[in-house]
Amino acid sequence: MTEVDELRSERLRYRPVQHDDLDLFAEFLGDEEATRYLIVPRAHTRAEAAALLDRWAAQHDGTIGMYTALAGDEVVGWVGFVRRALPWHDELELGWSIRKEHWGSGYATEAALALRPLGPERVVHLIHPENARSIAVAERLGAVFERETTLRGNPVRVYVS
């Protein structure tokens with residue numbers, strides 16, 4: 001796979017995550033409301049946010065990895081691929097986390113549609129069963145519900161596209 005510096009869609013541009021994203025990422029992960037549907041549904045410390053961001057940056061491989069989504073120069077969220085060791089076997093997840101002030105803008109759908117072609121034939125979307133907005137994004141991608149499971153003690157619905 002080739003390395004990518006930046007991708008674009010109609011309203012957004014995407015670049016691989018980097019440590020410079022930490023301030024906004026830590027703010028996002030520190031917010032109880034914004035994190036209530038994550039696999040670990042709680043506010044995270046700045047150190048936890050830094051560790052996750054640095055892990056994502058290190059794991060970026062060609063076009064497979066997490067991207068910072070920007071509208072102009074404003075960060076609207078993070079979207080992309082994360083390798084997951086799941087109980088049934090390893091999977092590649094395409095996920096999205098949009099900053100609260102941009103909820104309802106359609107950015108999650110736009111970003112997921114833009115990045116989906118970069119992944120393999122099968123990707124999963126791990127979504128909390130009460131997260132109706134993310135379920136709707138997955139369905140717009142053509143994803144279908146596959147199973148319910150529990151990850152880290154929390155309920156998750158697995159959608160496949």
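The values are calculated or read from the model by the stated rules, or taken from the named source; none is laboratory data. Note that the structure is a prediction, hence the values are computed from the model and not measured. We place every Cβ from the backbone using ideal geometry, glycine too, and count neighbours over all the protein chains shown. Ligands, DNA and RNA are stripped out before the accessible areas are found, and what is left, the full protein with its side chains, is counted by its heavy atoms. Shrake-Rupley method; radii C 1.70, N 1.55, O 1.52, S 1.80 Å.
Things to note:
- Remark on the range 45-118: ratio of C-alpha radius of gyration to 2.2 N^0.38 Å is 1.15.
- Other residues whose C-beta falls under 15 angstrom from the C-beta of GLU93 contribute a net charge of +3, scoring Lys and Arg +1 and Asp and Glu -1.
- GNM remark for the chain: springs join alpha carbons under 10 Å apart, and the peak mean-square fluctuation among THR68, THR149, THR109 falls on THR149.
- Assigned charges on the beta-carbon of Lys, Arg, Asp, Glu; the range 1-101 dipole about Cα centre (debye): 240
- Given R0 = 25 Å, the distance between the Cβ atoms of LEU22 and GLU148 translates into a calculated FRET efficiency of 0.15.
- For GLU146, the amide hydrogen comes within under 5 Å of the amide hydrogens of VAL158, TYR159, VAL160, counting only partners 5 or more places away or on other chains and with H modelled in the peptide plane.
- Dipole magnitude for the range 80-158: computed about the Cα centre from +1 point charges on Lys and Arg Cβ and -1 point charges on Asp and Glu Cβ, it is near 140 debye.
- Within the shell defined by Cβ-Cβ distances under 9 Å, the residues around PRO129 carry a net charge of -1, with Lys and Arg each +1 and Asp and Glu each -1.
- Summarising the label geometry, the points placed 7 Å from Cα in the beta-carbon direction at HIS102 and ARG116 lie 1.9 nm from one another.
- Modelled FRET efficiency - R0 22 Å, ALA50 with ARG13, Cβ distances, 0.05 increments: 0.40
- Sites counted here are trypsin sites (Lys or Arg not before Pro) in a DSSP loop (not H, G, I, E or B) having no more than 16 other Cβ atoms within 10 Å; the longest part of the chain that contains none of them is 43-121.
- Heavy-atom surface analysis with a 1.4 Å probe gives the range 11-161 a carbon and sulfur content of 49 percent of its accessible area.
- Note that the range 156-161 has calculated 3J(HN,Hα) couplings of 9, 9, 9, 10, 10, 10 Hz, one per residue in order, obtained from phi through the Karplus relation 6.51 cos²θ - 1.76 cosθ + 1.60 (θ = phi - 60°); glycine and proline are x.
- Spin-label pair ALA136-ALA85: with each label point 7 Å from Cα along the Cα-Cβ axis, the two points sit 3.7 nm from one another.
- Residues with amide H under 5 Å from that of ILE64, placed H, sequence gap 5 or more: none
- Between HIS44 and GLY30, ASP31, the built amide H atoms are under 5 Å apart, and every one of these is 5 or more places off in sequence or on another chain.
- Dipole of the range 47-161 computed with +1 at Lys/Arg Cβ and -1 at Asp/Glu Cβ about the Cα centre; of GLN59, THR109, VAL158, farthest Cα towards the positive end is VAL158.
- Our coupling estimate for the range 76-91, obtained by passing each phi through the Karplus curve with A = 6.51, B = -1.76, C = 1.60 and θ = phi - 60°, is 9, x, 9, 8, x, 9, 10, 6, 10, 8, 9, x, 8, 4, 5, 9 Hz, Gly and Pro reported as x.
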